[in-house]
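Working notes, beginning with the structure itself.
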Amino acid sequence: MEYFELLEEFLIKLNELDSHETERMTDVLGGICRYLGISLFCMNVYDNAGAEKRGDGRSLKYYDSKAESEQVLAIREDLDVIGVYVCHIYCETGRTLDKKAQKRARYIALTVMSYVSRKLFKDKASRLTYMDADGYYNLPYYRKKLHDYADEGKLSGKVGAYINLKHFSVVNRKVGRDNGDMVMRNYIKCLADTCGEDGIVARFGRDRFFLLFDSEDLDAVLEVLSGKEVSCESFFEGKIFVSASAGIYVLPKKYTLNHSADVIDKLVMALNAARTTKRKDLVFYNENMEFVRERSSLLYQLFPSALANEEFCVYYQPKVDVNRGRLVGAEALCRWSREGEIISPEEFIPLLEQDTSICKLDFYMLDRVCRDMSLWMEQGIEPVRVSVNMSRKHVLDSAFLRGILDTVDAYEIPHELIEIEFTETTTDAEFKDLKRIVAELQREDICVAVDDFGMGYSSLTLIKDIPWNVIKVDKSFLPVDEEKDDTVRSVMFRYVVAMIRSMAVECIVEGVETKEQVEKLKANDCILAQGYFYDKPLMKNEFEKRLVKKVYN
């Protein structure tokens, strides 16, 4: 029975209460108390203080028969719930209560209880409305507080933020989900403390939170977002490092709030910018983001017709053997050519990755690569292995492998000439399915590569547990300027390459731009390079010339 039904029945019984109704009233009262989390409820009516001292009174009680008094007290302490409510009613000195007076006294006690129940229910309803199942404030609460502060004239000049905890699935994998929840709670508590007494921290999704705080606390909040060691001594020796990507909006000093979406939309745009910008985790909102959003919306709407009209072109960036100076492979890169404009992949790839549109583009690219390779072989041009990027969205698709094989075999391309390239993955579900996909592709003699190695949090686990054919080392490991004695990068580069080579895995470095970097590759026995030092991404006709010549002087 729902609370309102219980309360209605309870109030009706108030008008009918008599001694023989005590048992029924206790049942109704029990339903309400259980709903409100009350462990024990007593309404005692005493003739006088002496009767109370002797415990000589008439009572209407509700209690959990499975718990002794000590257990009830323990529950109250652990759960911080209202445990005992006692309504004491006394009569005048020297008088006793006749049956009629007792009835009236009980009526008063029950009326008080009804009032208290309503208040408790209101509080509970508020918690259910503004807090999630884990006890965090939620998005409706954040919206409400934005309007409350606006009504009170306290919103101008405040700072809003929308954050996404980074690589938290890795934390869960390391310490377990329950302990991971404790790590998150400790980190969010630290963040809430930093936001100040009037600050707000509200959760929206598993590891995403909205913040609101005074501008004077901005530097301190940014410091916590950039990274904080969280203590977890109860289950793990040492500390866990937690950081976040964040979109930040500093509200103007004279700010008028029309709707909470005015703030939230700006925060979402800023966080999206932070998540799609590889080397910048904290991004402040600016008006240009409105233009970017409108353009992104337009590009998304144009995508289906652009795909049908074959506006997406394949560009090939050569892979070179640095010792022999020979072309040994290529990476297929996508460019969108529309009405004379080349649209950068940085504009449309993140947009298409928001749903499964990217999967359609990936197979479009694979089809065009196979078509080009088939034509080259017909012309007697010796082909090289070409890598095609595939989104992580594919790994949960049971038809993914069949789709690749059908496309490759339709053009009669030897499997060993195709390389499927994935970026690093961090989630548990993706990781297991990615491992399965890699094994299935390799059984079909298709090479599999991991791109941007070293950029992700899970790099070592990724290469330890998955038998890649090729590992592409991110350009961030390449020494930038030897004259400045870039010792740290040099040492890291040397050991990363040595580790990959010792695993008998093909190692290629991307982003090679200078002769000094080529010499660094040679000195460390890394023979494969990709980058502007040799070639930028080339249109099909230009790449054909490289295929015919094969040699880089």
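Please indicate, with yes or no, whether at least one residue in the range 205-219 is among the small types (Gly, Ala, Ser), open to solvent by less than 40 Å² (accessible area, probe 1.4 Å) and modelled with pLDDT of 90 or more.
Start the filter on the range 205-219 by keeping residues that are among the small types (Gly, Ala, Ser), which leaves 205, 215.
Now restrict to residues that are open to solvent by less than 40 Å² (accessible area, probe 1.4 Å): 205.
Adding the requirement that they be modelled with pLDDT of 90 or more leaves none.
Among the residues of the range 205-219, not one is among the small types (Gly, Ala, Ser), open to solvent by less than 40 Å² (accessible area, probe 1.4 Å) and modelled with pLDDT of 90 or more, which makes the answer no.
Residues in the range 326-367 that are open to solvent by less than 20 Å² (accessible area, probe 1.4 Å), small (Gly, Ala, Ser) and either in contact with a strand residue (DSSP E or B) (Cβ under 7 Å, 6 or more places away or on another chain) or free of Cβ contacts under 8 Å to residues at least 24 places away in the same chain (or both): Gly329, Ala330, Ala332. None of Tyr285, Tyr315 is surrounded by 14 or more Cβ atoms within 10 Å (Cβ to Cβ) and under 30 Å from Leu528 (Cβ atoms) except Tyr315.
If I filter the range 179-199 for residues that are outside any helix (DSSP H, G or I) and within 19 Å of the chain's Cα centre (by Cα), do I get at least one hit? No, every residue in the range 179-199 fails to be outside any helix (DSSP H, G or I) and within 19 Å of the chain's Cα centre (by Cα).
Taking Val491, is it open to solvent by less than 20 Å² (accessible area, probe 1.4 Å) and among the aliphatic types (A, V, I, L, M)?
Spelling it out, it is not the case that Val491 is open to solvent by less than 20 Å² (accessible area, probe 1.4 Å) and among the aliphatic types (A, V, I, L, M).
For Lys545, the requirement of being charged (D, E, K, R), assigned to a strand (DSSP E or B), modelled with pLDDT of 90 or more and under 30 Å from Arg368 (Cβ atoms) is not met. The selection criterion, being of a type outside the set (D, E, K, R), in contact with a Cys (Cβ under 6 Å, 6 or more places away or on another chain), open to solvent by less than 30 Å² (accessible area, probe 1.4 Å) and not in a strand (DSSP E or B), does not hold for Val171. Applying the criterion of being open to solvent by less than 40 Å² (accessible area, probe 1.4 Å) and either of a type in the set (D, E, K, R) or touching a Cys at 6+ places or on another chain (Cβ under 7 Å) (or both) to the residues of the range 368-391, the residue that is modelled with the lowest pLDDT is Ser391. Just one of the numbered conditions (1) open to solvent by 60 Å² or more (accessible area, probe 1.4 Å); (2) at pLDDT 85 or above; (3) under 27 Å from Ile420 (Cβ atoms) is not true of Trp468: (1). When the test is whether a residue is over 17 Å from Gly199 (Cα atoms), in a loop (DSSP other than H, G, I, E, B) and at pLDDT 80 or above, Leu257 passes it. None of Met503, Met539 is in contact (Cβ under 8 Å) with a residue 24 or more places away in the chain, within 21 Å of Val386 (Cβ to Cβ) and open to solvent by 60 Å² or more (accessible area, probe 1.4 Å) except Met539. Within the range 358-401, the set of residues being β-branched (Val, Ile, Thr), under 14 Å from Tyr316 (Cα atoms) and more than 29 Å from the chain's Cα centre (by Cα) comprises Val369, Val384, Val386. Within the range 149-168, the set of residues being open to solvent by 40 Å² or more (accessible area, probe 1.4 Å) and more than 16 Å from the chain's Cα centre (by Cα) comprises Asp151, Glu152, Gly153, Lys154, Ser156. Residue pairs whose Cβ atoms lie under 7 Å apart, separated by 6 or more positions or on different chains, with the first residue in the range 430-451 and farther than 10 Å from Leu396 by Cβ and open to solvent by 10 Å² or more (accessible area, probe 1.4 Å) and the second at pLDDT below 90 and not basic (Lys, Arg), are Phe431/Thr425; Lys435/Asp465; Lys435/Ile466; Asp451/Phe422; Asp451/Thr423. Looking at the range 513-536, which of the residues that are hydroxyl-bearing (Ser, Thr, Tyr) and surrounded by fewer than 18 Cβ atoms within 10 Å (Cβ to Cβ) is farthest from Cys370 (Cα to Cα)? Among those residues, the one meeting the criterion is Thr514. Within the range 290-328, the only residue that satisfies the criterion of being under 30 Å from Asn524 (Cβ atoms) and touching a Ser or Thr at 6+ places or on another chain (Cβ under 9 Å) is Lys319.
The values are calculated or read from the model by the stated rules, or taken from the named source; none is laboratory data. Note that the structure is predicted; figures quoted are calculated from it, not measured. Counting neighbours? That spans all protein chains shown, and the Cβs are built from the backbone with ideal geometry, glycine included. We work out accessible area using only protein heavy atoms, side chains counted, and drop any ligands, DNA or RNA first. Shrake-Rupley method; radii C 1.70, N 1.55, O 1.52, S 1.80 Å.
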